[in-house]
Amino acid sequence: MRKVSIFGATGSIGQNTIDLIARDPDGYDVVALSGGRNIVQLAHDAKRLNADVAVTAYPELLPDLREALDGSGIEAAAGKTALTEAASRPADWVMSAIVGAAGLEPGLKALEQGATLALANKESLVAAGPLLMATAKAHNARVLPVDSEHSAIFQGLVGEDMAAVERIIITASGGAFRDWPLEKLATATLAEASSHPNWDMGQRITIDSASMFNKALEVIETKEYFGVRPDQIEVVVHPESMVHALVGFNDGALMAHVGAPDMRHAIGYALHWPERRELPVARLDLVAIGQLTFRAPDMQRYPALRLAYEVMEKGGLYGAAFNAAKERALDHFIAGSLGFLDMARMVEDVLDKLSAGAADLMQPVTLANVATIDHLAREQADTLLKQRA
Ligand code: NDP
Ligand code: MG
């Protein structure tokens, strides 16, 4: 039996992971499950999968979790330290599906104990790519991509030599507003930004898809994971979300990964890698689909993409600042205190302020430096919001 842990078990990726694991009860021994506020789901899955420990990120919810697990023999724990402790428990395969920079430390701990880290939490690579990849190397552990585009690239590279790779193309659905006139975007509401035309995902990544911040994070994720140069990474808008990514080789060939927009594909690939096993995802009927379309992203509509390339050119702790500023701008959009288009403006202003100020963004990418810059960027975002009021 393979020992597995799932961080962010109560979320969209976490639930899809549990769906796959629960289909093979004799195949997996579940060590830890983590969640946030959804104690009912966390306790339900911990009991169903007979986990050793269930952890909520919020200490004030520990009594609720204890009560929900009462009599099950499953250990209840809460808080940041409990999360990293749970990630340190030996496991063969660990799903990193917490949303946001909060996923970084549990991911590092999982790598330090030698686990294979299935990485949905793209924020870890954006904020601390060099640290995450070096930690994997130092502990002879492996990071496997779960983001659909990166799983697609990874699959396109099987048996290939990186030296023959000319370019990598990731596709973007364009999100909820791809066909909206630019003037209307400024008035986009939370409800409008929270529904995705093709993918069923958590609220935060759904809004990030509409603003293209998700693709911005994924461009940086591509550079950090595959070690390619920024100028080798292209983004193409592909409204059907069937082609997830393409790898372009030096002989002109493009290897495309085509599949239904169902995250169980990428999760399942990472779960069974290096094998390919049967998965409960829809089979595409190409004739019924008829045609697949592609168009260039409009950089005016999507300033987040331009920012991603600027962040990659600068390197250092710019990724950590970019991600944290984005997370905070998104918090403010969700809270109703910031407009849809103001999110990108705020992120750009935070980066400008931080690079002009005392913070040294070119320090080494250590956990302590990432935490400092993450904090400063969030603080700066809040200051900017106050100044606007
Ligand atoms: P969800 O919002 O659906 O789930 C997030 C999970 O993280 C939940 O378990 C949530 O707990 C938990 N959580 C929230 N805040 C914290 C915190 N501060 N500390 C610890 N745990 C926390 O997100 P998704 O599943 O959509 O996304 C998860 C990750 O996967 C993100 O990094 C996202 O970018 C990435 N991803 C997601 C895809 C998708 O299809 N959904 C596709 C590709 C990548 P609770 O709900 O109990 O409060
Ligand atoms: Mg993706």
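Being more than 21 Å from Asp29 (Cα to Cα) and surrounded by fewer than 19 Cβ atoms within 10 Å (Cβ to Cβ): is that true of Leu62 here? It is true that Leu62 is more than 21 Å from Asp29 (Cα to Cα) and surrounded by fewer than 19 Cβ atoms within 10 Å (Cβ to Cβ). In the set (1) free of Cβ contacts under 8 Å to residues at least 24 places away in the same chain; (2) closer than 14 Å to Phe213 by Cβ, the condition left unmet by Ala308 is number (1). Taking the criterion of being under 19 Å from Gly103 (Cβ atoms) and assigned to a loop (DSSP other than H, G, I, E, B), the residues of the stretch 23-75 that qualify are Gly36, Arg37, Asn38, Ala51, Ala57, Tyr58. Under the condition of being farther than 11 Å from Ala172 by Cβ and near ligand 2 (Cβ under 10 Å from one of its atoms), the residues counted in the stretch 216-233 number 2.
Go through the residues of the stretch 247-269 one by one and say whether even a single one is buried (at least 20 other Cβ atoms within 10 Å of the Cβ), farther than 30 Å from Met1 by Cβ and either of a type in the set (A, V, I, L, M) or modelled with pLDDT under 95 (or both). Within the stretch 247-269 (the criterion being buried (at least 20 other Cβ atoms within 10 Å of the Cβ), farther than 30 Å from Met1 by Cβ and either of a type in the set (A, V, I, L, M) or modelled with pLDDT under 95 (or both)), the answer is yes, since at least one residue qualifies. Scanning the stretch 363-389 for residues that are of a type outside the set (Ser, Thr, Tyr), outside any helix (DSSP H, G or I) and in contact with a Leu (Cβ under 7 Å, 6 or more places away or on another chain) yields Gln363, Val365. Among the numbered conditions (1) touching a residue at least 60 places away in the same chain (Cβ under 8 Å); (2) within 27 Å of Ile289 (Cβ to Cβ); (3) part of a helix (DSSP H, G or I); (4) not β-branched (Val, Ile, Thr), the only one that Glu224 does not meet is (2).
Check the stretch 73-95 and report whether any residue there is within 16 Å of ligand 2 (Cβ to nearest atom) and buried (at least 18 other Cβ atoms within 10 Å of the Cβ).
Filtering the stretch 73-95 down to residues within 16 Å of ligand 2 (Cβ to nearest atom) leaves 95.
Applying the additional criterion that residues be buried (at least 18 other Cβ atoms within 10 Å of the Cβ) yields 95.
Scanning the stretch 73-95, I find at least one residue that is within 16 Å of ligand 2 (Cβ to nearest atom) and buried (at least 18 other Cβ atoms within 10 Å of the Cβ), so the answer is yes.
Taking the criterion of being of a type in the set (Gly, Ala, Ser) and in a loop (DSSP other than H, G, I, E, B), the residues of the stretch 235-260 that qualify are Ser241, Gly252, Ala253, Gly259, Ala260. Looking only at the stretch 125-169, how many residues end up being within 14 Å of ligand 2 (Cβ to nearest atom), under 15 Å from the mean Cα position of the chain (by Cα) and not polar (S, T, N, Q)? Number of matching residues: 8.
The values are calculated or read from the model by the stated rules, or taken from the named source; none is laboratory data. Everything numeric in this text was worked out from a predicted model, so none of it was measured. All Cβ positions, even for glycine, are placed from backbone atoms using ideal geometry, and neighbour counts span all protein chains on display.
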